[in-house]
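Right, one structure below, let's go through it.
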Amino acid sequence: MKIILTSLFIFVSLFVFSQSKLQSPEEFLGYDLGDRFTRHYRMVEYFYQVAQAVPAQVSVQQYGETYEHRPLIYAIVASPENFKNIESIRLDNLKRAGLAEGSPATKMAVVWLSYNVHGNEANSMEASMKTIYELVNPANTKTKEWLKNTVVIIDPCINPDGRDRYANFYSQYGNTPANSDPQAREHREPWPGGRANHYLFDLNRDWAWETQTESQARIKIYNQWMPHVHVDFHEQGYNSPYYFAPAAEPFHEVISPWQREFQTAIGKNNAKYFDEQGWLYFTKEQFDLYYPSYGDTYPLYSGAIGMTYEQAGIGAGLSVTTTEGDPLTLKDRLTHHFTNSLSTIEVSSQNATRLVDEFEKYFRENATNPAAPYKTYVIKADNNPDKIKKITDWMTTHHITFGHAAVAKATRGYDFNSQSLANVNVSTDDILFNIYQPKSRFITTVFEPVSKLTDSLTYDITAWNLFYSYGLSAYALNEKIAVAKPYEAKPMVYQTLSTKPYAYLFTYQSLNDVEFLAALIKKGIKVRTAGKPFTLQAQPFDRGTLIVTRRNNEKITDFDNTVQALAKLYGRKFFAAPTGFADKGVDLGSGNINYLKEPKVALLGGEQVSSLDFGEVWHLFEQQIHYPVSVIGTDYAKRIDWWKYNVLIVPDGNYRLFDEAMISTMDRWVNDGGRLIVMAGATAELADKKEFGLKVFVDDEAKKKAEKDEKDTKTKEGPMKYADAERKQLSENIFGAIYKVSLDNTHPLAFGLGNYYYSLRTNDLHYSYLENGWNVGTLKGKQKPVMGFAGNKVNKKLENSLVFGVENKGKGQVVYLVDNPTFRCFWENGKMIFANAVFMVGQ
């Protein structure tokens, strides 16, 4: 139905705007760009009008659909001569990158312009309409010349849902005429703001991880083109000057000299036009090129000149008065982005031959002489099959070649479990991939054991390795091992039953198992879980094993077919237990086989809650485990009957809600059997409260020593210089680093996991071990990240501190998740911790 509706929308658009005359945005819209915020559907209609007016130069295609069913489109713009050969040009570009067979016959630069990834950075979609018009405007002789050797791809709005959320807000609350007073209502968006997509994800952090439908669709089409230049258009605070390349340090070391050099060339060309107009700008500060999931770094690690452009304007509306007393209008903002759009195309066209040659050189080096020390990565075959499938599916979307070795081999390599060199036997069942392939540098940035950080003052997290995210047994080797055979997943073999079993048993080790558990519960099937390991019919079963007994499920119509059909639907292999009598360990009727009560889940949202953290949880429930959740707004939370729910999730936030009365209510609710899950910064709302056992960790001896050391340093070095203040603070900061957390996996909070959990920590919260509770995840002894940067003072604070804990209170529990296990929804093992808090704890 969605596809039919979208197709109908496109058909109507094409019918209405099939006139041959090219219209400017102003002619088409009926107002000047910058007079108001254009709705997304009107921009789409305009792009189709341009394509219909100049079909020999423009093609507009839908590449996906948002969660709110808005179309995602992109336009291909070329000269009439090149447009006739556009498919050959695209394929020739892939041949240069080694992503298609054959030798290229054409030589054409490809520039990709991406607008409005953040919805409330709202000028760039307006600029995209001006840009496409000028590219095909018959009176524009300059753009005609550029298109002789350059193809331009325009994605006019990466985030339509967020963009319309902001535009709708402004249309409702904006004054007429626009009010430039920064304190006016029109400059203060309500929660959650327009920055993020429907599920409140920052799409500019999701290029590599592809957790969102917009990212998945975009990466697919991006890798079908592989442009030479990519610009990601943004806005920043309205008091800032314009930012464009070259970027700030740190640059990841895989970035080539040419990529550095041409960024500067583009920046100088942009500066030429800004200088002419006297517009303020800055370069080489703040926005670095390290984290691999940005709209500039993902293209960089895929061979392009990837750049971010930042115009002042968040919260500016149609007009705002800056701190300097000057007006900043939407027309100003879109003009700046439009100017740099054309400037980037111009300088790319002027250097088209060099761009194409260096692009080809980049991929030739990837295939023949990659510089990174680790040449091959090995994922052991005995890893959880769900995790293997998920990571191999992910690699496929990024065109990473993987498979099996021709013969087994004994060697040495970096063991990601022990963080040391170790012997490794590479079998022919193991999955391996080497860096002698087109996506070589992207592979290195995502999987290398240690990333070189040239400057610890960075814009985002400093660690992200997916082997730690998935908790995989994996190795990095200094030698090349060729992929001799394509990857073959082990087929799922389902049992054919001749008799009705006593019970069905299912492993519980992945989020797929959680999704299956959720499906069983929604079907009304009663499920138990093993609190202790056991062996039955010579088959070992671990803690967390899901057990569906015939007993207590008598009301399920056609019980066996229902359970087996669900298992097949979700790809779950079952063990049909003919008896409840265990060979070893607990029997299936033991008190250590616990019935899982149906979670009735409430999730706190609204003002005071971090919209991004809220969105991660919301998305996990609706799009990953498909389990119902009731969102409760902070504005009416005190009037809620909490006893209708047995699970409450409190994401990170800046709360005023938890006053004495609310704390008392939560205390009573938990004691009556509720399960309160507090995440990241939300833990501070309960810390040191008399009703709860969470205490801020203070090591008096260490504190005294630190104070003495600081005093001695000041005495020795003298007063700190003002210019050094920012870097001095680094010792107290953490920029997203991976720590090795000790797990008590006998506790239900850690079911399905091993003895360690690799936590992507983004805060310096430090709490003492629970005196009257379960310390399930802890940082023991001296601390240093496995990967990433954290200041030495932070590491000292984290010694012997709580990461995950459970406090029993009356009939209920409080689950403390000090680190956010759902961070950006790409930290796979963290989702198990979270799911266990919802489904397993307290049962």
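The values are calculated or read from the model by the stated rules, or taken from the named source; none is laboratory data. Being a predicted model, the structure only gives us computed values, none of them experimental. For neighbour counting, all protein chains shown are included, and Cβ atoms are generated from backbone atoms with ideal geometry for every residue, glycine included. To get the accessible areas, we keep the full protein, side chains included, count just its heavy atoms, and leave off ligands, DNA and RNA. Shrake-Rupley method; radii C 1.70, N 1.55, O 1.52, S 1.80 Å.
Of note:
- Cβ pairs under 8 Å, 6+ apart, first in the range 554-568 and crowded, with 17+ Cβ neighbours inside 10 Å, second modelled with pLDDT under 95 and assigned to a loop (DSSP other than H, G, I, E, B): Gln564/Tyr494; Gln564/Leu497; Ala567/Tyr494
- Being β-branched (Val, Ile, Thr), in a strand (DSSP E or B) and open to solvent by less than 10 Å² (accessible area, probe 1.4 Å) is true of Ile154.
- The one condition from (1) of a type in the set (A, V, I, L, M, F, W, C); (2) touching a helix residue (DSSP H, G or I) at 6+ places or on another chain (Cβ under 8 Å); (3) assigned to a strand (DSSP E or B) that Leu328 does not meet is (2).
- Of the listed requirements (1) open to solvent by 10 Å² or more (accessible area, probe 1.4 Å); (2) over 30 Å from Asp202 (Cβ atoms), Phe823 misses just one: (2).
- Criterion (more than 28 Å from the chain's Cα centre (by Cα) and open to solvent by 10 Å² or more (accessible area, probe 1.4 Å)) met by exactly one of Ala78, Ala56: Ala56
- Every residue from the range 653-681 that is in contact with a Ser or Thr (Cβ under 9 Å, 6 or more places away or on another chain) and in a helix (DSSP H, G or I): Ala680, Gly681
- Ser171 vs. criteria in contact (Cβ under 8 Å) with a residue 24 or more places away in the chain, open to solvent by 40 Å² or more (accessible area, probe 1.4 Å) and small (Gly, Ala, Ser): yes
- Count of residues meeting criterion [open to solvent by less than 10 Å² (accessible area, probe 1.4 Å), under 19 Å from Tyr494 (Cα atoms) and in a loop (DSSP other than H, G, I, E, B)] in the range 534-551: 1
- A single entry from Asn772, Asn763, Asn755 fulfils the requirement of being among the polar types (S, T, N, Q), within 22 Å of Gly842 (Cβ to Cβ) and out of contact with any Cys (no Cβ under 6 Å at 6 or more places or on another chain): Asn772.
- Selection of first residues in the range 617-630 that are without any contact (Cβ under 8 Å) to a residue 12 or more places away in the chain and of second residues that are surrounded by fewer than 20 Cβ atoms within 10 Å (Cβ to Cβ) and of a type in the set (A, V, I, L, M, F, W, C), restricted to Cβ pairs under 9 Å at least 6 apart or on distinct chains, gives an empty result.
- Answer residue from the range 786-806, given it is touching a helix residue (DSSP H, G or I) at 6+ places or on another chain (Cβ under 9 Å) and open to solvent by 20 Å² or more (accessible area, probe 1.4 Å) and is nearest to Leu453 (Cα to Cα) among those: Phe789
- Residue in the range 425-435 that is farthest from Ala247 (Cα to Cα), counting only those that are of a type outside the set (A, V, I, L, M, F, W, C) and crowded, with 20+ Cβ neighbours inside 10 Å: Asp430
- The range 447-494: number of residues that are surrounded by fewer than 16 Cβ atoms within 10 Å (Cβ to Cβ) and of a type outside the set (Ser, Thr, Tyr): 16
- Among the residues of the range 585-612, the ones that are closer than 13 Å to Val650 by Cα and open to solvent by less than 60 Å² (accessible area, probe 1.4 Å) come to 10 in all.
- Taken over the range 20-40, the residue count meeting the criterion of being of a type in the set (Gly, Ala, Ser) and out of contact with any helix residue (DSSP H, G or I) (no Cβ under 8 Å at 6 or more places or on another chain) is 1.
- Unmet criterion (only one of (1) open to solvent by less than 10 Å² (accessible area, probe 1.4 Å); (2) under 20 Å from Gln311 (Cβ atoms)) for Val136: (2)
- Among (1) open to solvent by 10 Å² or more (accessible area, probe 1.4 Å); (2) assigned to a helix (DSSP H, G or I); (3) more than 22 Å from Val841 (Cβ to Cβ) - the single one Gly615 does not satisfy: (1)
- Unmet criterion (only one of (1) of a type in the set (A, V, I, L, M, F, W, C); (2) more than 30 Å from Asn223 (Cβ to Cβ); (3) open to solvent by less than 20 Å² (accessible area, probe 1.4 Å)) for Met395: (2)
- Residues in the range 117-132 that are buried (at least 24 other Cβ atoms within 10 Å of the Cβ) and in contact with a Pro (Cβ under 7 Å, 6 or more places away or on another chain): Met125, Ser128, Met129.
- Every pair of residues 6+ apart whose Cβ atoms lie under 8 Å, when the first sits in the range 345-370 and is surrounded by 14 or more Cβ atoms within 10 Å (Cβ to Cβ) while the second is of a type in the set (D, E, K, R) and outside any helix (DSSP H, G or I): Ser349/Lys148; Ala352/Lys107; Val356/Lys107; Asn366/Lys439
- Boolean, Pro373 is open to solvent by 50 Å² or more (accessible area, probe 1.4 Å) and in contact with a Lys or Arg (Cβ under 7 Å, 6 or more places away or on another chain): no
- Here Arg441 passes the criteria (1) over 30 Å from Arg572 (Cα atoms); (2) open to solvent by 20 Å² or more (accessible area, probe 1.4 Å); (3) touching a strand residue (DSSP E or B) at 6+ places or on another chain (Cβ under 8 Å); (4) of a type outside the set (Val, Ile, Thr) except the one numbered (3).
- Breaking point among (1) more than 31 Å from the chain's Cα centre (by Cα); (2) more than 30 Å from Gln172 (Cα to Cα); (3) of a type outside the set (Gly, Ala, Ser), for Leu91: (1)
Every residue, every condition in (1) out of contact with any helix residue (DSSP H, G or I) (no Cβ under 8 Å at 6 or more places or on another chain); (2) closer than 30 Å to Gly403 by Cα; (3) not in a helix (DSSP H, G or I), yes or no:
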{"site": "Leu497", "(1), (2), (3)": "no, no, yes"}
{"site": "Tyr504", "(1), (2), (3)": "no, no, yes"}
{"site": "Gln509", "(1), (2), (3)": "no, yes, yes"}
{"site": "Glu515", "(1), (2), (3)": "no, yes, no"}
{"site": "Ala518", "(1), (2), (3)": "no, no, no"}
{"site": "Lys532", "(1), (2), (3)": "yes, no, yes"}
{"site": "Asn553", "(1), (2), (3)": "no, no, yes"}
{"site": "Thr557", "(1), (2), (3)": "yes, no, yes"}
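- The set of residues from the range 177-203 being in a helix (DSSP H, G or I) and open to solvent by less than 10 Å² (accessible area, probe 1.4 Å) comprises Glu186, Leu203.
- Of the residues in the range 664-672, not one is buried (at least 20 other Cβ atoms within 10 Å of the Cβ), modelled with pLDDT of 95 or more, under 21 Å from Thr822 (Cβ atoms) and among the β-branched types (Val, Ile, Thr).
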